[in-house]
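Contents: one structure, followed by commentary.
The values are calculated or read from the model by the stated rules, or taken from the named source; none is laboratory data. Every value quoted in this text rests on a predicted model; they were computed, and no experiment measured them. Neighbour counts run over all protein chains shown; Cβ positions are idealised from the backbone, glycine included. Only protein heavy atoms, including side chains, enter the accessible area calculation; ligands, DNA and RNA are left aside. Shrake-Rupley method; radii C 1.70, N 1.55, O 1.52, S 1.80 Å.
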Amino acid sequence: MSGTFIGMPDFPRAARDAVHDPVLRGNLRHATHTIRAKRAGAVGELSDWAALREAGRRIKDHTLHHLDRYLVQLEESVTAAGGTVHWAADAGEANRIVTRLVRQTGESEVVKVKSMATQEIGLNEALEAAGIRAYETDLAELIVQLGGDRPSHILVPAIHRNRGEIRDVFRSEMGAWGRPAPEGLTDAPAELAEAARLHLREKFLRAKVGVSGANFMVAETGTMVVVESEGNGRMCLTLPETLISVVGIEKVVPTWRDLEVFLQTLPRSSTAERMNPYTSMWTGTTDAGTADGPRAFHLVLLDNGRTDALADRVGRQVLRCIRCSACLNVCPVYERAGGHAYGSVYPGPIGAVLSPQLRGTAGSVDASLPYASTLCGACYEVCPVAIDIPEVLVHLRERVAEGGPAVRRGEKVVLRPAGGHAAERAAMRAARWAFTHPGALRAAQRLASRTRRLHPRTLPGPGRAWSGARDLPAVPAEPFRDWWRRTRGDSSGKGAAE
């Protein structure tokens, strides 16, 4: 979907419901802890991980600073290789382009490689409205689609489901989408995988149109790169006669050599593998009967808010993201709330900073996302391209609470403060005044110390949300200033023993 998930409440309310679901929390805890431990082991094998991380950051920053040049070079390279490039300013335009291209083939169904960009724009729904059925072929995406569900993780969209739930979905829904599940299907992983394999095989052999995204695009050659673990993507990229790839403009890298860095950091950060089992690369088109691959290739370059994010000096670093999902697996908030609470196909810490920049902060869901964090910094520590997510979260919180200049749809605008933050703004203004008036601050500290026995154990009003889960810190018996003067000397700072 191009907007928030339909009917989603803002993050605090959605998270409150999620944390009271013990099955969900158990599924998330088991999965994230397992992936986290494996990733740490895979990264620990490399003595130059810090250097690779810095190299990835520099490549991405260089590309973003010269994005216009590299996108034009990419278009020229793709065209020279026999492909066609289309430019989509927003989700609606991208959906219209893809729908038109599929209709031109005369087909009424497509097979899809797992793609965050197509989920972002709501492509499946747009194709369905046009009478075209899209079949997800990634196992986790298949589970989500069959269950009428929404993805809750970047790497493992069905992470909120356990094996028993997946078995039930396969038994009840597979038949309506194609080959039904085998009789007597159990929740054994091998049986579930075989059921999906049999179900999908007939679609791969029949489909004439494939739809994909791309992990990377190489400007100098026009090469598209998809990395995956199952082989479903390879089938979608090689068997259909027409391939349509919808890719965010930030996925471009300048040269083939730049892939060296990301093909080391991405698999270790995402699946904890030394390399991806399937790394598919294609450049343009192939001739019929001579090689695998599409006879017609279309690349849809998607903006959909990305140039607005690029205009933000602090926020643009989120466009470095290579969608590894490492930040989700270490986030204490995501582990407890799950991905659906974020109201976006981009959950977790990266979603909390990416979605409000792509969609703006006018809606209640997006205005709440920058607060969906403890600012513990674990996400920054594991990010393979060194995105300082806590810095961007604080930056976006300021935008939500204070408003100010921003770029929306390519135009400079002045945002109004979001509703519900009047008390926060008043508190910050009071704090600023107090810290710039030492005498008043000293008097307030002494008053607080002398009345400490009268202080409540919980905060009133909106403050209950904070103190309801934390102990309210006790006020010391005397301010630090008075303690220093009493124990170390006078106000000039001379110690008592001097």
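For the listed peptides 131-140, 65-74, a ranking on the average number of other beta carbons within 10 Å per residue, highest first, reads 131-140, 65-74. Taking all Cα-Cα distances within segment 64-109, those exceeding 12 Å account for 70%. With 28 Å as the limit on Cα-Cα distance, the pairs of Lys251/Lys412; Lys114/Lys412; Lys112/Lys251 that go past it are Lys114/Lys412. Taking amide H as placed 1.01 Å from N in the peptide plane, Ser212 has its amide H under 5 Å from the amide H of Val113, Ile244, Ser245, Val246, each at least 5 places away in sequence or on another chain.
From the Cα gyration tensor of segment 383-498, with a ≥ b ≥ c the square roots of its eigenvalues, which class applies: rounded if a/c is under 1.5, or else prolate if a/b is larger than b/c, or else oblate? Since a/c reaches 1.5 and a/b is larger than b/c, the shape of segment 383-498 is classed as prolate.
Under Stokes-Einstein, with the Kirkwood radius over Cα pairs as Rh, the value for segment 388-440 at 25 °C and 0.890 mPa s is 191 µm²/s. Under the criterion of Cα pairs below 8 Å and six or more residues apart, the relative contact order for segment 208-304 equals 38 percent.
What share of Cα pairs, in percent, lie more than 13 angstrom apart in segment 9-67? For segment 9-67, the share of Cα pairs beyond 13 Å comes to 75 percent. In segment 125-164, Rg over Rh equals 1.03, where Rg is the alpha-carbon radius of gyration and Rh the Kirkwood radius from pairwise Cα distances. Size descriptor for segment 1-119, Kirkwood hydrodynamic radius: 19.8 Å (Cα pairs only, one decimal).
Residues of segment 356-373 with backbone nitrogen within less than 16 Å of a virtual label 7 Å along the Cα-to-Cβ line of Asp17, please, listed as ranges. Within reach of a label on Asp17: 364-366. Of the two radii for segment 319-472, the radius of gyration is 1.04 times the Kirkwood radius, both from the alpha carbons; that is the Rg over Rh value. Shape analysis of segment 260-408 yields a ratio of the Cα radius of gyration to the Kirkwood radius, Rg/Rh, of 1.05. Convex hull of alpha carbon positions in the chain: directionally averaged projected area 28.7 nm². By the beta carbon rule, with partners counted only under 4.7 Å, the chain holds these lone Cys residues: Cys236, Cys321, Cys324, Cys331, Cys376, Cys383. About the Cα centre of the chain, how large is the charge dipole given +1 on each Lys and Arg Cβ and -1 on each Asp and Glu Cβ? Please answer in debye to the nearest 20. With only Lys, Arg, Asp and Glu charged at Cβ, the dipole is about 2360 debye. Once the cut-off is 18 Å, how many percent of the Cα-Cα pairs in segment 87-168 end up in the long-distance tail? Distances greater than 18 Å cover 44 percent of the Cα pairs.
Within the same chain, aspartates and glutamates fewer than 8 places from Lys38 are excluded, and of the rest, those with a Cα less than 13 Å from its Cα are Glu273.
Here, segment 253-341 has an Rg and a Dmax of 17.7, 52 Å when only alpha carbons are counted. With a Förster radius of 41 Å applied to the beta-carbon distance between Arg295 and Thr374, the computed FRET efficiency rounds to 0.20. By the rule of a C-alpha distance below 16 Å, with chain neighbours fewer than 8 residues away ignored, the aspartates and glutamates paired with Lys208 are Glu107, Glu109, Glu136, Glu241, Asp287, Asp292. The label point for Glu76 and the one for Ala440, both projected 7 Å from the Cα toward the Cβ, are 6.1 nm apart.
Computed over protein heavy atoms with a 1.4 Å probe, the accessible surface of the chain works out to 47 Å² per residue. For segment 199-317, the Stokes-Einstein estimate of translational diffusion at 37 °C and a viscosity of 0.692 mPa s comes to 211 µm²/s, using the Kirkwood hydrodynamic radius over alpha-carbon pairs.
The peptide list 319-329, 43-53, 27-37, put in order of mean Cβ contacts within 10 Å with the highest first, becomes 319-329, 27-37, 43-53.
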